[in-house]
Amino acid sequence: MIPETELQKISTLYDGLVISSQGVMTDNDRMLLDEAFRFSGELYGDSRHLTGELMIIHSLSIASLITLPKFIMYFTVELLLQFLTDLRYTAYFEMKV
């Protein structure tokens, strides 16, 4: 079970991701992002990294990187969805800890 404080953090991170990518996403892209978010929540559940951080929180943080002004020229919805749902990235960062 995920504590309320972490659920709020997940919500805040997701809302920030949506807001920061709003100018480059179509309505269809937003629907894909919402679906990927739901999928990643089911995929990760309450799984945690060795550091104790929820995997979904880590994935949202990584996905948010592509929406930074410095990287927005490389933004694609496909890349954003991959960062959010691809376990290879999570496994890579897990090994680095």
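The values are calculated or read from the model by the stated rules, or taken from the named source; none is laboratory data. In this text, all values refer to a predicted model and were calculated from it rather than measured experimentally. In this analysis, Cβ positions are derived from the backbone assuming ideal geometry, glycine residues included, and neighbour counts consider all displayed protein chains.
Below are the figures for this structure:
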quantity: Hits in the stretch 1-42 - residues which are among the charged types (D, E, K, R) and loosely packed, with under 12 Cβ neighbours inside 10 Å; calculated: GLU4, ASP15, ASP27, ARG38, GLU42
quantity: Helices (runs of 4 or more DSSP H) contained entirely in the chain, each with at least 2 residues that are modelled with pLDDT of 90 or more; calculated: 4-21, 27-44, 55-65
quantity: Extreme residue, farthest from MET1 (Cα to Cα), among residues of the stretch 22-49 that are hydroxyl-bearing (Ser, Thr, Tyr) and within 13 Å of the chain's Cα centre (by Cα); calculated: SER40
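Residue by residue, here is whether (1) among the β-branched types (Val, Ile, Thr); (2) in contact (Cβ under 8 Å) with a residue 40 or more places away in the chain holds:
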{"site": "SER11", "(1), (2)": "no, no"}
{"site": "VAL18", "(1), (2)": "yes, no"}
{"site": "SER21", "(1), (2)": "no, yes"}
{"site": "MET25", "(1), (2)": "no, yes"}
{"site": "LEU32", "(1), (2)": "no, yes"}
{"site": "ALA36", "(1), (2)": "no, yes"}
{"site": "HIS49", "(1), (2)": "no, yes"}
{"site": "MET55", "(1), (2)": "no, no"}
